[in-house]
Amino acid sequence: MTWFLMCIAALVGGYFIYGAFIEKVFGVNENRKTPAYTKQDGVDYVPMSNKKVYLVQLLNIAGVGPIFGPIMGALYGPAAMLWIVLGCIFAGAVHDYFSGMLSVRNGGASVPTITGRYLGNGAKHFMNIFAIILLLLVGVVFVSAPAGMITNLVNEQTGIGMPMTTMVVVIFAYYIIATIVPVDKIIGRFYPLFGALLIFMSVGLITAIAFSSEHTLLGDYEMSQMFTNMNPNNLPLWPALFITIACGAISGFHATQSPLMARCMENEKNGRFIFYGAMIGEGVIALIWCALALSFFGSVDALKETVANGGPGNVVYSSSIGLLGVFGGIIAFLGVVILPITSGDTAFRSSRLILAEYFNMEQKSLRNRLIMALPLFVLGGILTQVDFGIIWRYFGFANQSTAVMMLWTASAYLLRHNKLHWVTTIPAIFMTTVCITFILNNSQLGFGLPMTASTITGVLGALGIAGYVIKRSKGKGETDLADDDETKVELETA
């Protein structure tokens, strides 16, 4: 219990202390109009209240990542919780803040456009391809995961034997509708309620286990084990843990989602609460599920067996029913199911907007939105036929690689504006090392090279990229696009 409370306190403290520092480094301007007003179109650029935007952002970035990732990370033991805390404060929340605020400063632009502006056209084209691939993988994962979870729940409770394909079709149909209708009609109206449900569900489960007579919250682990790798498969912490937990600590998927709310944010001063704060909120959720996975099953060996018999979804189902009974457990379980559905639709929505920016096609008309969206759903439907485990592995690597690109973009921005770039450069170096080491060492996705050689190459590669970004960007003073627009308006008025 002490370890868990310390981790929660660290996350909350990180928001108020380091989050305020990051906000100061960026330098908000409360008097500058946001894209929600300068580009208001009633479809994607729609002003929404601060609390509503926060809850939508939390749901958009959450998905199954802060649940499935920490559950799989829990197989390494309580040490996983340390990465969730440090990753959220110094990497994930910083990444999310800059991805959102740079979008605000660039007229609500998507991440490939932002990357292109600060790292060049080559990086822009790379990010366009990578972002679309990532979002398609996310959309497929967030169709397959909830479809499987709902199908298992229905069949477990009723025994009717409903095929999973039925739920896949239902979820895809919803995604098509949510992707093309104005953002305030479904997402802005219902997602804040789902966000509140997510928070109450997570708090309810951790409270139930804290006061349970059968389970003790991290009570079977000694403090000395909090820094020990306990993986029953003898998998090394480095670098796999930092890929496995993904959304619970830092996630490139968030960079594709932040522009959605950057287009709805009413004032720049709300950025820390919406972007940095939502990631801290996701970190709390990740800590809760990591602690639940470690505590409810008693040991990492028992957790391993549960995962082997039904994946992370089985962990969610077993712990929810076991702690809250059938009725409460089903409500909590459905709260978890909502997460991937409310991220899957925004993944496809982000894909539509990225393609629209690339082809310079306005999205106010329904016809144009359908032209951009329907091919994405066809590809997504084809990918649902691929084994879920394979999709998840590629998603994890693509996810962290996208985060790396966003962090380097933020560093380039800070360097060009003569601001403290190390707040993004240090996590960028670390995560670049993680990604290079992982792809070189992993035998399933990568090259299967020895760990030492992979790590050395990863470190050298990360430092080389850092040198390139610093040399390319330092001293290149410039204004934000928002400043350019304001200057243009002033000149026209004069």
Quiz item: In square nanometres, what is one fourth of the surface area of the convex hull spanned by the alpha carbons of region 285-436?
Solution: 13.5
Self-check item: Inter-label distance, nm, simple model (7 Å from Cα along the C-beta direction), residue 385/residue 164
Solution: 1.5
Quiz prompt | Value at 222 nm in deg cm²/dmol, rounded to 500, when DSSP H runs of n ≥ 4 in the chain each add -39,500 (n - 2.57) | solution = -24500 deg cm²/dmol
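Rank-order 462-474, 234-246, 278-290 by packing density, defined as the average count of other C-beta atoms within 10 Å over each peptide's residues, highest first. Walk me through the numbers before you get to the answer.
Values: 462-474: 15.1, 234-246: 20.4, 278-290: 27.8.
Ranked by mean Cβ neighbours within 10 Å, highest first: 278-290, 234-246, 462-474.
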Quiz item: Any idea what diffusion coefficient region 322-367 gets from Stokes-Einstein, in µm²/s, Kirkwood Rh on alpha carbon pairs, 10 °C, 1.306 mPa s?
Solution: 120
Quiz item: So what are the radius of gyration and Dmax for the Cα set of region 103-161, in Å?
Solution: 19.0, 56
Self-check item: Relative contact order (percent, whole number), the chain, Cα cutoff 8 Å, 6+ residue spacing
Solution: 29
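Can you pull the percent of Cα pairs in region 279-360 with separation above 21 Å?
Values: 1459 of 3321 pairs.
Cα-Cα pairs of region 279-360 separated by over 21 Å account for 44 percent.
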Exercise. First obtain the Kirkwood hydrodynamic radius of region 353-411 from its Cα pairs, then insert it into the Stokes-Einstein equation at 4 °C and 1.567 mPa s, and state the resulting D in µm² per second as a whole number.
Key: 93
Quiz item: Could you state the number of Å between the C-alpha centres of region 239-303 and region 2-38?
Solution: 14
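Calculate the FRET efficiency for residue 463 and residue 203 from the Cβ-Cβ distance with a Förster distance of 41 Å, rounded to the nearest 0.05.
On the way: r = 42 Å, r/R0 = 1.03.
That pair, residue 463 with residue 203, gives E of 0.45.
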Self-check item: Unit charges on C-beta of K, R, D, E only; dipole of region 20-122, Debye
Solution: 240
Self-check item: Gap separating the Cα centres of region 100-144 and region 381-454, nearest whole Å
Solution: 14
Quiz item: Binning every alpha carbon pair distance of the chain at 10 Å from zero, what are the percents per bin?
Solution: 4, 21, 32, 27, 13, 3, 0, 0
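Could you state the accessible area per residue of the chain in Å², with a 1.4 Å probe and every protein chain left in place?
Numbers: 18920 Å² over 494 residues.
Value for the chain: 38 Å² per residue.
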Exercise. Would you mind checking the pairs 364/419; 24/51; 33/185; 124/185; 39/124; 52/364 and listing those with alpha carbons more than 26 angstrom apart?
Key: 364/419; 124/185
Quiz item: What is the spread of the Cα atoms of region 1-145 along each of their three principal axes, largest first, in whole Å?
Solution: 48, 37, 31
Quiz prompt | Only Lys, Arg (+1) and Asp, Glu (-1) charged, at Cβ; the chain dipole about Cα centre in debye | solution = 940
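Give me the extension gain from residue 362 to residue 21: residue separation times 0.36 nm, minus the current Cα-Cα distance, reported in nm with one decimal.
Numbers: separation 341, 0.36 × 341 = 122.76 nm, distance 3.72 nm.
Separation in residues times 0.36 nm, less the Cα-Cα distance, equals 119.0 nm.
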Quiz item: What percentages, rounded to whole numbers, describe P(r) for region 373-456 computed over all alpha carbon pairs with 10 Å bin width beginning at zero?
Solution: 16, 31, 28, 20, 4
Practice problem: Could you tell me what fraction of 2.2 N^0.38 Å the Cα radius of gyration of region 54-130 comes to, as a two-decimal ratio? | Solution: 1.35
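Leaving out ligands, DNA and RNA, and with a 1.4 Å probe, what % of the accessible surface on the chain is carbon or sulfur? Could you put the intermediate results ahead of the total?
Values: 12290 of 18920 Å².
Here carbon and sulfur together make up 65 percent of the probe-accessible area.
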Quiz item: Where q = 0.22 Å⁻¹, what log10 of I(q)/I(0) comes from the Debye formula for region 106-230, counting one point per Cα?
Solution: -1.22
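The values are calculated or read from the model by the stated rules, or taken from the named source; none is laboratory data. Note that this is a predicted model, so its numbers are computed, not measured. Neighbour counts run over all protein chains shown; Cβ positions are idealised from the backbone, glycine included. Heavy atoms of the whole protein, side chains included, go into the accessibility calculation; ligands, DNA and RNA do not. Shrake-Rupley method; radii C 1.70, N 1.55, O 1.52, S 1.80 Å.
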